[in-house]
Amino acid sequence: MSTTNQISASVSDVEGTLGAVSPAPTLQGDHPSKSVHHIPEQSHSQKSYNTGDGELLATTNNADVLIVDWDGPDDPQNPKNWSYRRKWAATIIISSFTFISPVSSSMIAPATGQVASAFGIDNDVMLALTTSIFVLAYAMGPLFLGPLSEIYGRSRVLQLANLWYLVWNLVCGFAQSESQLLAFRFLAGLGGSAPLSIGGGFLGDCWQPHERGRAVAIYSLAPLMGPVVGPITGAWVAQYSTWRWVFWSTCIVDAVIQIIGMFALQETYAPVLLERKAERIRRSMDAEKAPYREIRTVFEGQDRSWQAIMAKSLSRPFVLFAHEPIVQLLGVYMAYLYGTLYLFLTTMPSIFQGTYHQSVGISGLHYAALGIGLSAASQLNARTMDKVYIYLKGKNGGVAKPEFRLPAMVPGSLLLPIGCLIVGWTSEAQTYWIAPDIGIALVGAGIILNFQCIQTYIVDCFTLHAASALAAISCLRSLAGFGFPLFAPAMYKALGFGKGDTILAVVAIVVGCPAPWILWRYGERIRNSSRHAR
């Protein structure tokens, strides 16, 4: 659209539900440009439109387009200006959605013996598939759910996807064959993948960069604590009931979260909120007397068709992964982290039931060691991440950088291989059971430190399209979470726990240790050459 059709206007809404209108920006790529082209003022007129929420008063020039924006930097309708109580309420609800789905992903692991007996499964790979196929769906769901949240809004897509997960997870408990269980698990995983890709976008919408660390730390803990809590509870459910109640019990908890979310979780995505404002303005105008040919938001270009928006949003995760070195590097590392987590989740029963000859219920308690490592490191990082960020920002003359999120990756990239070595060789030597538990806790600490730093860094770099960036990373990591448990039985059978976990430690050093150094040194240069990074 030529600059002769652009306008400068301001809007006041009595109820605070309609935003300001600002000069039309020059659109470049996916982001509105910071440059604004003004035209010489012509004759001005003052128009009033009754929107139903109050009277919208606009001062305009004789132009064709009205651009809708927030009512200034302090607009209370902007999610970044919400109260802390409102932000934390949204964060806790999102984290709850993000927690319950991974519980389902691993809760069946201790009950696979019952599943094998029920359906006559005698193949180790097929038995592992009953657990990991849920994670395979995690790789596919975010590719369309993340972008859909950037078209229809975070809250709507998240809750509909969770409802889909709830239905199919319930049906899993009624499966009558191995093939039915695998199909139902996959379909449930598609819906359950939504919080993993959309949740980061929620936090990017609500929290300012200097506030975001603690919120992302809690959110990042949820998908890792879920797979830990799942086997602990699943072991006791399987021991005192049947494997079917593994699914039904999670459905009860998820239904409660769904009901709370329906009433308490509000939309946060700025383009969707501003589009709703623009729609209210359109409805308030007399079609015959309206002074504008078009009303649109600052995020919209000339082509506002559904097809154009859908095509761009659905392709964005692939574009980000193909063209963004940040997404490629961190995506590979996060894939390894997630794969290692699920490898441990599926092989811990073979350590404590096979090597230490413990019962199903008692062996399930060792997942608490992983939970202790995850939660302790997460809480420590949550309390220090924002402080370190603010400190480094002050040393940099008050200029913030996403790279200030990376320091905790250094200890995290060291704790992971150390923990793998301890678990492998103490299990091989059949030392007292507390020794492998210590190693498992260090593995959990290393995973969560890296996980939180990567999540926060990605959100800071790709704020507006954080959901798409996280979807690209989630796809790769979920493929690893699906594949690692499938080769684990053969690896440990051929090499033993000592040599097998040594291989994991070496890969963790090669892949993980250079990552924080590379991004700290070259991250800003990479971002400056990016079309999508902020």
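The values are calculated or read from the model by the stated rules, or taken from the named source; none is laboratory data. None of these values were measured; they are calculated from a predicted model. Note that we place each Cβ from the backbone using ideal geometry, even for glycine, and neighbour counts take in every protein chain shown. SASA here: full protein model, heavy atoms, side chains in, ligands and nucleic acids out. Shrake-Rupley method; radii C 1.70, N 1.55, O 1.52, S 1.80 Å.
Take the conditions more than 27 Å from Pro102 (Cα to Cα), hydrophobic (A, V, I, L, M, F, W, C), in contact with a Lys or Arg (Cβ under 8 Å, 6 or more places away or on another chain) and at pLDDT 80 or above and apply them to Ala335. Does it pass? Show your work before the answer.
Working: more than 27 Å from Pro102 (Cα to Cα): no; hydrophobic (A, V, I, L, M, F, W, C): yes; in contact with a Lys or Arg (Cβ under 8 Å, 6 or more places away or on another chain): yes; at pLDDT 80 or above: yes.
In short, no.
Since Ala494 meets every condition but one in (1) open to solvent by less than 10 Å² (accessible area, probe 1.4 Å); (2) at pLDDT below 90; (3) more than 25 Å from Gly213 (Cα to Cα), which condition does it not meet?
The failed condition is (1).
Which of the residues spanning region 353-373 are in contact (Cβ under 8 Å) with a residue 12 or more places away in the chain, part of a helix (DSSP H, G or I) and polar (S, T, N, Q)?
Result: Thr355, Ser363.
Which of the residues spanning region 415-474 are assigned to a loop (DSSP other than H, G, I, E, B) and surrounded by fewer than 24 Cβ atoms within 10 Å (Cβ to Cβ)? Talk me through it step by step, then tell me what you get.
Within region 415-474, the subset assigned to a loop (DSSP other than H, G, I, E, B) is 430-433, 462-465.
Those that are assigned to a loop (DSSP other than H, G, I, E, B) and surrounded by fewer than 24 Cβ atoms within 10 Å (Cβ to Cβ): Gln430, Thr431, Tyr432, Trp433, Thr463, Leu464.
Would you be able to tell me the number of residues in region 389-408 that are under 19 Å from Ile454 (Cβ atoms), assigned to a helix (DSSP H, G or I) and touching a residue at least 60 places away in the same chain (Cβ under 8 Å)? I'd like the intermediate steps shown before the answer.
Step one: list which residues in region 389-408 are under 19 Å from Ile454 (Cβ atoms), which gives 389, 392, 400-408.
Checking the rest, the ones that are also assigned to a helix (DSSP H, G or I) come to 389, 392, 402-405.
Filter once more, keeping what is touching a residue at least 60 places away in the same chain (Cβ under 8 Å): 389, 402-403, 405.
Final tally of qualifying residues: 4.
Within region 170-180, is even one residue closer than 24 Å to Ala472 by Cα and buried (at least 24 other Cβ atoms within 10 Å of the Cβ)?
Of region 170-180, the ones closer than 24 Å to Ala472 by Cα are none.
Within region 170-180 (the criterion being closer than 24 Å to Ala472 by Cα and buried (at least 24 other Cβ atoms within 10 Å of the Cβ)), the answer is no, since none of the residues qualifies.
Please pick out the residue among Leu158, Leu163 that is open to solvent by 10 Å² or more (accessible area, probe 1.4 Å) and farther than 22 Å from Phe119 by Cβ.
On the way: Leu158 fails: open to solvent by 10 Å² or more (accessible area, probe 1.4 Å).
Result of the check over Leu158, Leu163: Leu163.
Conditions tested, residue by residue: (1) more than 30 Å from Cys420 (Cα to Cα); (2) at pLDDT 80 or above; (3) open to solvent by 20 Å² or more (accessible area, probe 1.4 Å).
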site: Pro291; (1), (2), (3): yes, no, yes
site: Thr297; (1), (2), (3): yes, yes, no
site: Ala322; (1), (2), (3): yes, yes, yes
site: Gly331; (1), (2), (3): no, yes, no
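Just to be sure before I move on: is Ala235 touching a residue at least 24 places away in the same chain (Cβ under 8 Å) and over 21 Å from Leu365 (Cα atoms) in the structure I sent?
Numbers: touching a residue at least 24 places away in the same chain (Cβ under 8 Å): yes; over 21 Å from Leu365 (Cα atoms): no.
Considered against the rule, which asks whether it is touching a residue at least 24 places away in the same chain (Cβ under 8 Å) and over 21 Å from Leu365 (Cα atoms), Ala235 comes out as no.
Which condition number in (1) open to solvent by less than 50 Å² (accessible area, probe 1.4 Å); (2) among the hydroxyl-bearing types (Ser, Thr, Tyr); (3) part of a helix (DSSP H, G or I) is the one that Thr233 fails?
(1)
With respect to Met126, determine if the residue is of a type in the set (A, V, I, L, M), over 20 Å from Arg276 (Cα atoms), open to solvent by 40 Å² or more (accessible area, probe 1.4 Å) and touching a residue at least 40 places away in the same chain (Cβ under 8 Å).
Yes.
Please go through region 391-441 and pick out each residue that is within 18 Å of Gly213 (Cα to Cα) and of a type in the set (Gly, Ala, Ser). Walk me through how you get there before you give the answer.
Taking region 391-441 and keeping what is within 18 Å of Gly213 (Cα to Cα), we get 391-394, 398-412.
Within region 391-441, Gly394, Gly398, Ala400, Ala408, Gly412 meet the criteria.
Of the residues Ser220, Ser197, Ser241, only one is open to solvent by 10 Å² or more (accessible area, probe 1.4 Å) and of a type in the set (S, T, N, Q); which? Full working, then the answer.
Values: Ser220 fails: open to solvent by 10 Å² or more (accessible area, probe 1.4 Å); Ser197 fails: open to solvent by 10 Å² or more (accessible area, probe 1.4 Å).
Selected residue: Ser241, the only one of Ser220, Ser197, Ser241 that is open to solvent by 10 Å² or more (accessible area, probe 1.4 Å) and of a type in the set (S, T, N, Q).
Go over the candidates Ser105, Ser117 one by one and state the one that is surrounded by fewer than 22 Cβ atoms within 10 Å (Cβ to Cβ), assigned to a helix (DSSP H, G or I) and of a type outside the set (A, V, I, L, M). Steps first, please.
Details: Ser105 fails: surrounded by fewer than 22 Cβ atoms within 10 Å (Cβ to Cβ).
The conditions single out Ser117.
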